[in-house]
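The block underneath contains the structure these notes are about, expressed in structure tokens.
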């Protein structure tokens with residue numbers, strides 16, 4: 001082995017480690033089973049949901065003839081395979097229907113945390129991000 005190939009191998013290895021760490025820190029590879037929201041964030045989301053969403057989606061999140069369910073098989077039928085970023089964007093640009101986009105990004109993230117909690121995805125130690133770009137790599141999937 002030449003003396004020049006060792007630094008190249010080290011550079012390659014260090015680059016792989018850097019990319020892996022970068023992916024871990026940007027949410028790539030995360031799943032809903034990883035606990036992507038906190039209990040307190042979901043509690044805030046429950047309050048926001050009751051005030052701003054329940055009139056259309058019902059207090060039990062089951063929806064009605066005009067609004068889709070945000071829980072269970074009906075929710076998963078619509079959203080499974082799509083990203084949390086897509087759901088967050090839909091919520092933050094189209095909801096509530098009488099005042100689209102009227103809530104803060106943190107409020108939409110809290111409501112999304114409440115929806116995740118209601119669908120029995122586990123809580124974790126960090127709050128759910130309030131950025132569609134950050135959430136774009138996280139797929140909605142039953143695990």
Check your understanding: Each label point is 7 Å from the Cα along the Cα-to-Cβ direction; what then is the distance between the points at residue 106 and residue 86, in nm?
Key -> 2.9 nm
Review point. Taking segment 36-135 on its own, what percent of its Cα-Cα pair distances exceed 24 Å?
Key: 10 percent
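Rule-based calculations on the coordinates, nothing more; no lab input. Not measured: the values here are computed from a predicted model. Cβ atoms come from the backbone with ideal geometry, glycine included; neighbour counts cover every protein chain shown.
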